[in-house]
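**Q** Sharing a structure here in structure tokens format.
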Amino acid sequence: MKFGGSSLADGSKISHVADLIKSYSKNSIVVVVSAMGEVTDRLLEASEKAERGDQEYVKKFSVYIREIHLAACKNSIRNKDLLEETSKRIEALCDELYRVLTGVSLLKELTPKSKDYILSFGERLSSIILGGALRDRGLKVKVLTGGEAGIVTDSNFGEANPLTEATFYQVKERIEALISEGIIPVITGYIAEDQYGKITTLGRGGSDLTATLIAASLKSNEVWIWTDVEGLMVADPKIIPEAKVLPKISYEEATEMVMFGAKGMHPRALEPAMVHKIPILIKNTFNPEAKGTLICDETSINKDKPVKMVALIKDVGMISLIGGSMVGARGTAAQAFTTLAKQGINIMMISQSVSESDISIVIKRDSLSKAVNALELSMLGKGIVRDISYENDVYVLAIVGAGIKYIPGVAARVLNALAKEKINVYMISAGSSSNSLSVVIKEKDGYLAVKKVYEEFNLGDI
Amino acid sequence: MRIIIFGCGIVGRSLLELLKVRKKELNISYGLAPKILGVVDSKGFAINTEGLNIDEILRIKDLGRSVGEMENYGKKGAFELEILENIEFDLLIDMTPTNIVNGEPALSLIKRAFSLKLNVITTNKGPLALAMPLLLELAKHNNVSFRFSGTVGGGTPLLDFAKKCLMGDKILAIRGILNGTTNYILTEMEKGKEFSEALREAQVKGFAEADPSLDIDGIDSASKLVILANWILGKKITLKDVKVQGIRDIRVKDLEDAKKKGKTIKLIASVNGEAKVEAETIPKDSNLAVSGSLNAVSFISQYAGEETIIGRGAGGKETASSVIRDMIEIRGLMG
């Protein structure tokens, strides 16, 4: 079970989580925790301020961190001795954090290694408090950092990659023994260690990745991700108020949905579960009765319904490169993509007609003007690209479902539904894995398009 | 090449003997000029960054004493892994005894060596049987060479044959007799001797250990199978994934019955999807029906069909010669 920051935002929420874990304690459980609330963001901020030498901020910040964590202890641990013991450990960690931040502020230097070390305090603090709260409820607990639990990574600080075989072996060795003794391991998410014992952070996917790595090591039956939403939705409830939670989707569908901005798991975190076929259940901490969304192997997915979900990606812009001379001119696309890559701009969607006379690209809207400028400088006036145009009033309509590849006519039905409402389509692209279909439309048509697709595929009916 | 040696039992001493006797030849033919900076045994260690004298090491070992008692360079007591960080060298050779329960202390030693970017040769099956996927991953991650020819087949180059000679083909399955002791026992039982008598003989002849249970319960075969499966087939398995059965239940009568049908019983380790070690009844004229303490392994590949290698299993000299093979290979990769 992994608990996200919002589930652990304060003492009463930590209490609630501890009760929840206790209610499931007949099962063998491993608990993975994020930092409390937004603590990781605050730590990041503090480390940057410290790098600029802002010692006043470091002082104020240290007081703040100490206060929120001590308050959380007080509100989640009732036994006096336990409270005192836990508070002491929190104090000691906060002292250490203060010293580290002061060191950074004096040196005015923040290496990726020291940044990871500073960020690790978030989870180290939250795990100790939850550990105390669980002991307070009569459970046997062992609090471990990701590294102590056996997760080993390369030394790429800031976004370390797990060495999976080494991790599987070590986690199995260390955690299985605890479980067999009836102890609940409480493990810090997001942070791990390299082979020299230095603290690293996992970057994208963070704590969820910790949870799936541990599950894969132990060959767990399920991974439960406790969060503050009911699960993955069929559509944005702001557009479709009656939209429901999806009960069951495949790993591949989940990967697509996350890319389309659904609040779910990063694909990197899905990977270990997908490889070892361990189902992931997304549940709401504050409504544990609700079923949530189960992410599992495609074979157990109902394929009668081609489309599972429709989403609108709003913060996008489209660029088109046009020119008759582009026909047969080799390397035009490569040059455009290289230009964007050099600017650090990620390309979300690409299409080119067979005539080769135009290429369309979708990118994040906030990098649109930067991208257009760079493309103009590198490609215009060279006799190949005649014109570069862009649209900043477009949305991407994304349709997701594993059945798209089994059931013909999905694209036709989407286009038809849009045509009936006279909604123009500017660009269309289906992934080669065919789990999704993306369509570029005008902003003004966005909500209507979602509604029409929702109706066309009966998405209310699950 | 600067080397530190861990373990100075039969294999370790055989290696030092070979290095001494073959010194000139190894240097001229392979450019291999090993310098032993350190030797560690169970009771102490000796270190000289200028290189230890092999004769002196052998002399003190022949007296049945620890290298920790060597003059000037010896030190009694446990070797702390931290010492490795303070010596500059190229290759660590682990010839410590096999521990099949947790692989220690070799497992921690090899992990530490990798993290220090050291090449490693081991003749110890324990760490490999228990954690081979981990060790291969860490060696690759640290970009160092890791060789273990001596763990399977002793002097018979089984691993190299499959990895190099069958390169470009796809090996689908492996079947073989990987333990000399049990094969010797089964061969003698076929001649009518009882299990216990055959076992005693094997012990007298020096094939079997004082505690032969690792052999006769199939654990040794299973360990070697794990190594073959990981290295040759790329299967990420450990000892826990192998279904193991020994030869304790085999009776003389079983062998007689098999013989009447032109068959024989062998302890076969195989991996073909599932990994297992069990006594199988196979035709007398099968490639694997070798007798005595021989080992035999068949590689079944997609295009070349079945190839079988037969050879003597482990022995001090044989295993030491496989270490030299590994040293030459690592020497080649180094420059």
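The values are calculated or read from the model by the stated rules, or taken from the named source; none is laboratory data. Predicted model only: the values in this text are computed from it and were never measured. Positions of Cβ are backbone-derived with ideal geometry, glycine not excepted, and every protein chain shown enters the neighbour counts.
**Q** When the range A:354-371 is examined, which residues are found to be of a type in the set (Asp, Glu), touching a Ser or Thr at 6+ places or on another chain (Cβ under 9 Å) and not in a loop (DSSP other than H, G, I, E, B)?
**A** A:Asp358
**Q** Could you tell me which residue of the range A:300-353 is farthest from A:Leu246 (Cα to Cα), considering only residues that are part of a helix (DSSP H, G or I) and in contact (Cβ under 8 Å) with a residue 40 or more places away in the chain?
**A** Selected residue: A:Ser325.
**Q** In addition: Which of (1) farther than 30 Å from A:Gln170 by Cβ; (2) at pLDDT below 95; (3) of a type outside the set (Lys, Arg) is the odd one out, the single condition B:Gly9 does not satisfy?
**A** The single condition B:Gly9 does not satisfy is (1).
**Q** So A:Tyr117 ticks every box in (1) under 26 Å from the mean Cα position of the chain (by Cα); (2) surrounded by fewer than 20 Cβ atoms within 10 Å (Cβ to Cβ); (3) more than 14 Å from chain B (Cβ to nearest Cβ); (4) among the hydroxyl-bearing types (Ser, Thr, Tyr) but one. Which box is left unticked?
**A** (2)
**Q** For the range B:126-168, enumerate the residues that are among the β-branched types (Val, Ile, Thr) and more than 14 Å from every other protein chain (Cβ to nearest Cβ).
**A** B:Thr151, B:Val152, B:Thr156
**Q** Could you identify the single residue in B:Glu306, B:Glu280, B:Glu256 that is part of a strand (DSSP E or B) and surrounded by fewer than 16 Cβ atoms within 10 Å (Cβ to Cβ)?
**A** One residue alone meets the criteria, B:Glu306.
**Q** Still on this structure, please answer the following. So in the range B:199-247, with the set limited to residues that are among the hydroxyl-bearing types (Ser, Thr, Tyr) and closer than 18 Å to B:Leu267 by Cβ, which one is farthest from the other protein chains (Cβ to nearest Cβ)?
**A** B:Ser213
**Q** Evaluate the following for B:Ile237: is it under 21 Å from B:Phe146 (Cβ atoms), modelled with pLDDT of 90 or more and not assigned by TED's automatic domain parsing to the domain that holds B:Lys191?
**A** no
**Q** Now for a different question. Filtering the range B:183-229 down to residues that are of a type in the set (Gly, Ala, Ser) and buried (at least 16 other Cβ atoms within 10 Å of the Cβ), which residue is nearest to B:Ile300 (Cα to Cα)?
**A** The selected residue is B:Ala229.
**Q** Could you list, ordered by first residue, the pairs with Cβ atoms under 9 Å in which the first is in the range A:177-189 and more than 21 Å from A:Ile14 (Cβ to Cβ) and the second is among the hydroxyl-bearing types (Ser, Thr, Tyr), at least 6 apart or interchain?
**A** That search, which allows pairs on different chains as well, returns A:Ile179/A:Ser28; A:Ser180/A:Ser28; A:Gly182/A:Ser28.
**Q** Test A:Lys74 against the criterion of being basic (Lys, Arg), in contact (Cβ under 8 Å) with a residue 24 or more places away in the chain and closer than 30 Å to A:Ala177 by Cβ, and give yes or no.
**A** Here the answer is no, as A:Lys74 does not meet what is asked.
**Q** Among the candidates A:Ile199, A:Ile175, single out the residue that is within 20 Å of B:Lys111 (Cβ to Cβ), buried (at least 19 other Cβ atoms within 10 Å of the Cβ) and within 25 Å of the chain's Cα centre (by Cα).
**A** None of the other options fit; the residue is A:Ile199.
**Q** Can you tell me which of A:Tyr426, A:Tyr390 is of a type in the set (Phe, Trp, Tyr), modelled with pLDDT of 90 or more and touching a helix residue (DSSP H, G or I) at 6+ places or on another chain (Cβ under 7 Å)?
**A** A:Tyr390
**Q** With the requirement that a residue be more than 17 Å from the chain's Cα centre (by Cα), in contact (Cβ under 8 Å) with a residue 40 or more places away in the chain and not in a loop (DSSP other than H, G, I, E, B), what does the range B:206-239 give you?
**A** Correct list: B:Leu233 only.
**Q** Say we look at the range B:136-162 and pick out the residues that are part of a loop (DSSP other than H, G, I, E, B) and aliphatic (A, V, I, L, M); which of these is modelled with the lowest pLDDT?
**A** Out of the qualifying residues, it is B:Val152.
**Q** Another question, if that's okay. Consider A:Ala374 carefully, then state whether it is at pLDDT 90 or above, part of a helix (DSSP H, G or I), among the small types (Gly, Ala, Ser) and out of contact with any Ser or Thr (no Cβ under 6 Å at 6 or more places or on another chain).
**A** For A:Ala374, the condition - at pLDDT 90 or above, part of a helix (DSSP H, G or I), among the small types (Gly, Ala, Ser) and out of contact with any Ser or Thr (no Cβ under 6 Å at 6 or more places or on another chain) - is not met.
**Q** Next question, about the same structure. So which of A:Tyr24, A:Tyr64 is surrounded by fewer than 16 Cβ atoms within 10 Å (Cβ to Cβ), within 28 Å of the chain's Cα centre (by Cα), within 18 Å of A:Leu125 (Cβ to Cβ) and at pLDDT 95 or above?
**A** When all the criteria are applied, what remains is A:Tyr64.
**Q** Does any residue of the range A:413-420 turn out to be surrounded by 15 or more Cβ atoms within 10 Å (Cβ to Cβ) and outside any helix (DSSP H, G or I)?
**A** Looking through the range A:413-420, none of the residues is surrounded by 15 or more Cβ atoms within 10 Å (Cβ to Cβ) and outside any helix (DSSP H, G or I).
**Q** Filter the strands (runs of 3 or more DSSP E) completely within the range B:65-135 down to those with at least 1 residues that are of a type outside the set (Lys, Arg), surrounded by 14 or more Cβ atoms within 10 Å (Cβ to Cβ) and under 15 Å from the mean Cα position of the chain (by Cα).
**A** Because the criterion is at least 1 residues that are of a type outside the set (Lys, Arg), surrounded by 14 or more Cβ atoms within 10 Å (Cβ to Cβ) and under 15 Å from the mean Cα position of the chain (by Cα), the strands (runs of 3 or more DSSP E) in the range B:65-135 that meet it are B:91-94, B:119-122.
**Q** Now for a different question. Could you check the range A:180-223 for strands (runs of 3 or more DSSP E) lying wholly inside it with 1 or more residues that are within 14 Å of another protein chain (Cβ to nearest Cβ)?
**A** Qualifying strands (runs of 3 or more DSSP E): A:191-194, A:199-201.
**Q** Any residue that is under 28 Å from B:Ala269 (Cα atoms) and in contact (Cβ under 8 Å) with a residue 12 or more places away in the chain - is there at least one of those in the range B:66-79?
**A** No, because not a single residue in the range B:66-79 is under 28 Å from B:Ala269 (Cα atoms) and in contact (Cβ under 8 Å) with a residue 12 or more places away in the chain.
**Q** Check off (1) in the same structural domain as B:Ala139 (by TED's automatic domain parsing); (2) of a type in the set (Ser, Thr, Tyr); (3) over 19 Å from B:Leu92 (Cα atoms) for B:Thr264 and give me the number that stays unchecked.
**A** (1)
**Q** Let me ask another. Working only within the range B:96-125, note down all residues that are on the phi > 0 side of the Ramachandran plot and either in contact (Cβ under 8 Å) with a residue 60 or more places away in the chain or away from chain A (no Cβ under 13 Å) (or both).
**A** none
**Q** So which residues in the range A:157-171 are more than 7 Å from chain B (Cβ to nearest Cβ) and surrounded by 19 or more Cβ atoms within 10 Å (Cβ to Cβ), if there are any at all?
**A** Of everything in the range A:157-171, those that are more than 7 Å from chain B (Cβ to nearest Cβ) and surrounded by 19 or more Cβ atoms within 10 Å (Cβ to Cβ) turn out to be A:Phe157, A:Ala160, A:Pro162, A:Thr164, A:Thr167, A:Phe168, A:Gln170, A:Val171.
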